[in-house]
1. Please determine, by comparing only the residues of segment B:45-68 that are within 12 Å of chain A (Cβ to nearest Cβ) and surrounded by 16 or more Cβ atoms within 10 Å (Cβ to Cβ), which one is nearest to B:LEU119 (Cα to Cα).
2. If you go through segment A:196-211, how many residues are surrounded by 24 or more Cβ atoms within 10 Å (Cβ to Cβ) and among the hydrophobic types (A, V, I, L, M, F, W, C)?
3. Pick from A:LEU342, A:LEU271: which is at negative phi, surrounded by fewer than 24 Cβ atoms within 10 Å (Cβ to Cβ) and touching a Lys or Arg at 6+ places or on another chain (Cβ under 6 Å)?
4. Taking into account only those residues within segment A:175-199 that are touching an Asp or Glu at 6+ places or on another chain (Cβ under 7 Å) and modelled with pLDDT of 95 or more, which is nearest to A:ASN127 (Cα to Cα)?
5. Within segment A:305-339, how many residues turn out to be charged (D, E, K, R), in contact with a helix residue (DSSP H, G or I) (Cβ under 8 Å, 6 or more places away or on another chain) and either free of Cβ contacts under 8 Å to residues at least 12 places away in the same chain or surrounded by fewer than 20 Cβ atoms within 10 Å (Cβ to Cβ) (or both)?
6. State the number of residues belonging to segment A:233-284 that are under 17 Å from A:SER85 (Cβ atoms) and touching a residue at least 12 places away in the same chain (Cβ under 8 Å).
7. Can you spot a residue in segment A:281-301 that is part of a loop (DSSP other than H, G, I, E, B), modelled with pLDDT under 95, among the small types (Gly, Ala, Ser) and surrounded by 16 or more Cβ atoms within 10 Å (Cβ to Cβ)?
8. Among the candidates B:GLU10, B:GLU42, which residue alone is within 14 Å of chain A (Cβ to nearest Cβ), on the phi < 0 side of the Ramachandran plot and touching a strand residue (DSSP E or B) at 6+ places or on another chain (Cβ under 8 Å)?
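The values are calculated or read from the model by the stated rules, or taken from the named source; none is laboratory data. The model shown is predicted, which means the values in this text are computed figures rather than measured ones. Because the Cβ atoms are built from the backbone with ideal geometry, glycine has one as well, and the counts that use them run over all protein chains shown.
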Amino acid sequence: MKALDARALRKDFPIFEQEIHGKPLAFLDSAASSQKPRQMLEAMDRFYETSYANVHRGVYELAERATEALELSRERMRAFVNAPSAREIIFVRNATEALNLVAYAWGLWNLEPGDLVVVTELEHHSNFVPWQFIASKRGAELRLLPLTEDGELDLSGLDDLAREGNVKVVATNLVSNSLGTINPVDRLVAWAHEQGAIFVCDAAQAAPHMRVDVQALGVDFLALSGHKVCGPSGIGVLWGRTELLQKMEPFLTGGHMISSVRADRTTWGELPHKFEAGTAPMAEAVGLAAAVDYVEAAGLEAIEAYEHELAAYALGRLAEIPGITLYGPPADRRAGIVSFNLADVHPHDVAQILDLQGVAIRAGHHCCQPLMQKLGVAATNRASFYLYTVREEIDQLVEGLHAVRKVFA
Amino acid sequence: MTEFDQLYREVILDHYKNPRGHGTIEDADAEAEGQNPLCGDEVSIYVAFGEDGETVEDVKFSGRGCAISQAATSMLMEMSKGRTASELAELDKDELLEEIGVPLTPVRLKCAMLGLTTLKVALHKAKGTPLPEGLAGFDELDLI
């Protein structure tokens, strides 16, 4: 495996060519959204400048070029998640929309009163709220897998859960956006399938940082957001098994997703079009394909290994700071995400003082209010890393935290 | 002075560390709870009126949150005592901002206004007057 050269990769990201508040930018919020390499930006520009027209409708040259670009991007994303077929790759706005698609188009039609939908205390709201909403609409019940003290999923109650009712859906993330925990999806998939349930995997936080292979994982649906994988905002992918997608009703209806429309009846188009109503995010798809080219050229295994190193380094340096509380599992069982609190200083104050020193971190509940309730805090600070993160940024964070301590001494 | 010395100037930190009017009032004449889901700030405000049923005789707050939200609410407690409910229900936010005296980004403005908005909701609720525009629709207040 080729080691990652973050310092070289960093030069591909124009955003770092600036100072913030007169300081070098230490961008430690990649878990919220990643920065963009020039290669991706140029691919989108090129598409707009040379090949732009609406897809699938025109019979002229530009429309054909645009259609080809969109479908090549779909094929690129098929390879990225190792899906059996490109028809199973549905372009959506983001992981949230992908998960809503499954909750509505599968959950609304298949859940029945008394059924169980199992999520976890670690879920992002995007894989929690849709299930809570649709379950309550159908009279089904939502159950939460609890966490251990270490911030890892506690699977000891699975047998009891199986006896409580008909488990129809198991929905969890592969990597927690808040604690960085890498979840034991293989065990949960096996358990879900024993129950006859579908397994819905939120890979938004995993896809940027590790190889995500839908066939190896054995999941039934998988969602990811392009903007976290160096891609543009406004595009994400839902992958689903053909046999499930074919049986499902559509989520959004309208143009492009139809086969025929009559005054009294409409029939749906073939996969993936049935789930892609309206004009596709064409340039975004082209950008996303270029982004995963970029990420794969750097090497997903190398990224994962590098982030483990950074997480270990950050956990070590942060532990030196008096009054710090670190959340989540040890570095070898987490992605490049570190959540912490500094004494009783509110994370918002921490983040603001850090910002004035050029350090960007996330402060808040990270769209994980059930997890915050479990941790007994209103919010945490979160520093997260990616392939362009260098150790100096973590050092800058540590220095910044010492300044926070001084202000609140 | 560095920028964060300005933002977290002494008076803000003093109010944050030694909040004025911190506590609760049992059988308060007016009370409301406000939250800022952005950073998890929470403030509850309790008001006791004097014999005229109008003058604020005592006002207290409880809650937790960032320094800006808690300090601003503490300052608001000092500003509110002895004034009338109708006056406070219409209080111009600039009066509080002047007291805070530091420039705030739009995000932090929400933190700073949490106490005032919650106080206004409490007073309007107690008097049965309609919430002004911008606050309409808030009961258990969610600012965002």
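1. Looking at residues that are within 12 Å of chain A (Cβ to nearest Cβ) and surrounded by 16 or more Cβ atoms within 10 Å (Cβ to Cβ), I get B:GLY63.
2. Adding up the residues that qualify gives 6.
3. After applying the criteria, what remains is A:LEU271.
4. A:PHE199
5. 3
6. Final tally of qualifying residues: 18.
7. No; the residues of segment A:281-301 include none that is part of a loop (DSSP other than H, G, I, E, B), modelled with pLDDT under 95, among the small types (Gly, Ala, Ser) and surrounded by 16 or more Cβ atoms within 10 Å (Cβ to Cβ).
8. It is B:GLU42.
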